[in-house]
């Protein structure tokens, strides 16, 4: 459901709203990040002035240019460490992005998850948001999964491929703050025209992040290897359409067998989205959990 945030926030409420969300991740924010993630259109000067008043009143705390609702300087130190780890792992993530892009029917790849926000922890995976050709999500997923099984021993560490969408429909149906942040922070590697389409079909993001700007698309054209072009040729047309449909049905059945304990949950189809235009496997349902935690924090702050 498309429900944006209230446009009646005062500046201090907007700051608290934003810091409360990132407090879930023990992630203090810089002034510019508060502006970027704020739920209302707001200037840097307004945020700076309000932060000064909030600091004096003990409503927020600051260390080394980062702000939070709680006085926890250790979170600033951890954030700086995680920023350093992110810089170190980014070349590996870009290399993996380019590798994925060379697979058959892959139209675009984005680095997502924590790394797209320039933080990385030792236990984190490198997450990818992948756009495929029309009616080829499931063939693409199967090929990438086979590569991960054979060459990477099924390791998720540098190759977490849990979110696919089709170029046929680039609009993300799950419209909330969590998804808006995930999209606007994507680090893209795709044709500029395709990236522009992704942005145009998801303009709803501005109702949650009016100051948020999509990242630059630093794309250099990549030639697909001969084997990819051959597989695309052999899997084109009605034969490929049917194969993709059958793989989708097979993977839906597999997920129901693998996650039997979750099948009866009301949000099972949301956690394991399986359509011809979208494939998502999020058994922990983090989006829902984070939204509930954010709501709890806002209620404690008295913010509607």
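Just so you know, all these numbers are worked out from the coordinates, no wet-lab data involved. Nothing here was measured: the structure is a model prediction, and the numbers come from that model. With ideal geometry, Cβ positions are generated from the backbone for all residues, glycine too; neighbour counts draw on all protein chains shown.
Taking the three principal axes of the alpha carbon atoms in the range 162-304, the coordinate ranges are 59, 41, 20 Å, sorted in descending order. Based on Cα contacts under 8 Å between residues 6+ apart, the range 179-304 shows a relative contact order of 17 percent.
With labels modelled as points extended 7 Å from the Cα through the Cβ direction, what inter-label distance (nm, one decimal) is found for residue 25 paired with residue 261? So the two model labels end up 2.7 nm from each other.
Sorted ascending by nearby beta carbons within 10 Å, beginning with the fewest, 187, 303 become 303, 187.
Angle of helix 286-301 to the longest C-alpha principal axis of the chain, folded into 0 to 90 degrees and rounded to 10: 10°. Considering only beta bridges that DSSP places wholly inside the chain, some 80 percent are antiparallel. Over the residues of the chain, the helix contribution to mean residue ellipticity at 222 nm works out to -15000 deg cm²/dmol, using -39500 (n - 2.57) for each DSSP H run of at least 4. Rounded to the nearest 10 degrees, the angle from helix 137-151 to the longest Cα principal axis of the chain is 90 degrees. Each peptide in 53-61, 97-105 was scored by the mean count of other Cβ atoms within 10 Å over its residues; highest first, the order is 97-105, 53-61.
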